[in-house]
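J.: Below you'll find the structure I mean.
The values are calculated or read from the model by the stated rules, or taken from the named source; none is laboratory data. Everything quoted here is computed from the prediction, not taken from an experiment. When we count neighbours, we look across all protein chains shown, and the Cβ atoms used for this are built from the backbone with ideal geometry, even at glycine. Surface areas here come from the heavy atoms of the whole protein model, side chains and all, with no ligands, DNA or RNA. Shrake-Rupley method; radii C 1.70, N 1.55, O 1.52, S 1.80 Å.
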Amino acid sequence: MHIIEIPEANVKRYIPSDLSECDQQQYMDMCELIFYFQNQQINYDEFRTHAVYKLMNMVPSKKEPEDEEKFANIFQLSELIDDFFDTDNEGQKIIKQYYIHNPIPSFRPKFTTLYGPSDSFMNMTFGEYTDALRLFLDFHATGDMELLKLLTALFYRPKKSFHFIKKRLSSYDGNIREPYNSKLLEINVEQLKHAPIGFVYGFYLLFASFQKYLIEAKIPWGGKEIDFAILFESSKEDNNEPESGEMPGIGMDSIAFSLAESGTFGNIEQVRNTNFWDIMVRMYDLRRTDLERQKHEKNATTK
C-alpha cells in the first residue's frame with residue numbers, strides 16, 4: 001500500500017499496490033480499467049492516469065485543462081500503478097493475482113442483493129466448481145461476454161428465504177445463499193444484464209486468481225499439510241500439456257462421475273452438492289495412495 005500525503009492541503013490518501021489491497025469499489029474500478037486496457041480500448045498511459053483518479057477518488061476537470069504542475073503530479077503518481085503488474089520474458093504485463101479473498105462479497109444490481117462465494121471459495125460445491133470451470137475456460141478462449149455474466153451469475157445468488165435465517169440477515173454469510181441450481185442459471189443471469197463490467201470481469205479475475213492458487217495450494221488438515229500439487233502434476237504429465245493456471249487435463253467432470261460410481265459421496269447429484277474442498281481432499285488421498293502403490297511396485301521390480 002502506497003501512502004500519499006499532501007501536508008499543505010491536509011490530504012492523506014492510500015493507493016493499493018495490487019488488486020489484493022483494493023476495497024470493493026477500488027477493485028471494481030480497477031478491474032473495469034484492466035478490461036478496457038486488455039481489450040485495447042485505452043492505452044497503458046491512459047490506463048495509469050485513469051487509475052490514479054479512481055484510486056485517489058478524484059474527478060478530472062472538464063471545464064479547463066489541467067495545469068502543468070498538477071499534470072506532472074498525476075504522471076508521477078501514475079508510475080505507482082505499475083506495481084499492479086509483473087512483466088514476463090517478452091515484456092508483456094501480467095496482472096498480479098495472489099488473492100483468494102472475495103473483494104465483492106455482495107452486489108445489488110437492482111432490488112435484490114446478491115451474495116457471492118466466501119473467501120477461498122470455502123462454501124463452493126463441487127458442482128458449482130465444475131460448471132464454473134467450464135464457463136471460465138470458454139470465456140478465456142472466446143471472450144464472449146455472455147459467458148462472463150453466466151460465470152458471475154452462477155455464484156452470486158440471493159439469500160435463502162427460510163424463516164430460520166432471519167436472525168442472521170444483518171451479517172454476510174455465504175452459506176445462507178440460495179442453493180446452486182444449474183437449471184436456473186439462464187434465468188438468474190438476467191439480474192446481471194446491466195451489471196458494470198468491473199463487477200463481472202472482477203469476478204472472472206478472482207476465479208482466475210483462485211485457479212492459480214489451487215494448483216499449488218497447501219492446506220492444513222488433521223495437523224498436517226496437504227499439498228494439492230500432486231493432483232495437477234499428474235495431469236500435466238499424463239496429458240502432455242503445458243503448465244497453465246487453467247488446470248488443463250484435470251477432467252473435473254469425469255472425476256464427478258468416477259466418484260459417483262464409487263459411491264463415496266453418493267450419486268452424481270450428491271457428489272455435485274458436496275463441498276468442493278471435501279472432494280479435493282478425497283482426490284488428494286486417492287492420488288497419494290496411487291503414488292505410494294507405484295513406488296512400491298517400482299521398488300519390488302528393482303529388487
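J.: Tell me, please, whether a residue that is in a helix (DSSP H, G or I), on the phi > 0 side of the Ramachandran plot and at pLDDT 90 or above can be found in the range 119-128. Full working, then the answer.
T.: At the first step, the residues of the range 119-128 found to be in a helix (DSSP H, G or I) are 119-121, 126-128.
Adding the requirement that they be on the phi > 0 side of the Ramachandran plot leaves 120-121.
Subset that is at pLDDT 90 or above: 120-121.
Yes, the range 119-128 contains at least one residue that is in a helix (DSSP H, G or I), on the phi > 0 side of the Ramachandran plot and at pLDDT 90 or above.
J.: What about Pro105, is it modelled with pLDDT under 90 and either farther than 22 Å from Val200 by Cα or in contact with a strand residue (DSSP E or B) (Cβ under 9 Å, 6 or more places away or on another chain) (or both)? Working first, answer last.
T.: Numbers: modelled with pLDDT under 90: no; either farther than 22 Å from Val200 by Cα or in contact with a strand residue (DSSP E or B) (Cβ under 9 Å, 6 or more places away or on another chain) (or both): yes.
In short, no.
J.: Now, a different point. Looking at (1) surrounded by fewer than 15 Cβ atoms within 10 Å (Cβ to Cβ); (2) farther than 17 Å from Tyr204 by Cα; (3) at pLDDT 90 or above, which is the one condition that is false for Met1?
T.: (3)
J.: Looking at this structure, is Lys193 open to solvent by 80 Å² or more (accessible area, probe 1.4 Å), modelled with pLDDT of 85 or more and under 16 Å from Phe121 (Cβ atoms)? Quick ask: steps written out before the conclusion?
T.: Values: open to solvent by 80 Å² or more (accessible area, probe 1.4 Å): yes; modelled with pLDDT of 85 or more: yes; under 16 Å from Phe121 (Cβ atoms): no.
It is false that Lys193 is open to solvent by 80 Å² or more (accessible area, probe 1.4 Å), modelled with pLDDT of 85 or more and under 16 Å from Phe121 (Cβ atoms).
J.: Evaluate the following for Ser234: is it out of contact with any strand residue (DSSP E or B) (no Cβ under 6 Å at 6 or more places or on another chain), modelled with pLDDT under 75 and in a helix (DSSP H, G or I)? Working first, answer last.
T.: Numbers: out of contact with any strand residue (DSSP E or B) (no Cβ under 6 Å at 6 or more places or on another chain): yes; modelled with pLDDT under 75: yes; in a helix (DSSP H, G or I): yes.
Here the answer is yes, as Ser234 does meet what is asked.
J.: If the requirement is being modelled with pLDDT of 90 or more, closer than 20 Å to Ser118 by Cα and open to solvent by 30 Å² or more (accessible area, probe 1.4 Å), which of these qualifies: Lys212, Lys166?
T.: On the way: Lys166 fails: modelled with pLDDT of 90 or more.
Lys212 is the lone residue from the list that is modelled with pLDDT of 90 or more, closer than 20 Å to Ser118 by Cα and open to solvent by 30 Å² or more (accessible area, probe 1.4 Å).
J.: Same structure again: Taking only pairs six or more apart or across chains, which ones have beta-carbon atoms under 6 Å, a first residue in the range 271-297 that is at pLDDT 85 or above, and a second residue that is of a type in the set (Gly, Ala, Ser)?
T.: Arg272/Gly127
J.: Identify the single condition in (1) of a type in the set (A, V, I, L, M, F, W, C); (2) in a loop (DSSP other than H, G, I, E, B); (3) surrounded by 15 or more Cβ atoms within 10 Å (Cβ to Cβ) that Leu147 does not satisfy, given that it satisfies every other one.
T.: Of (1) of a type in the set (A, V, I, L, M, F, W, C); (2) in a loop (DSSP other than H, G, I, E, B); (3) surrounded by 15 or more Cβ atoms within 10 Å (Cβ to Cβ), only one is false for Leu147: (2).
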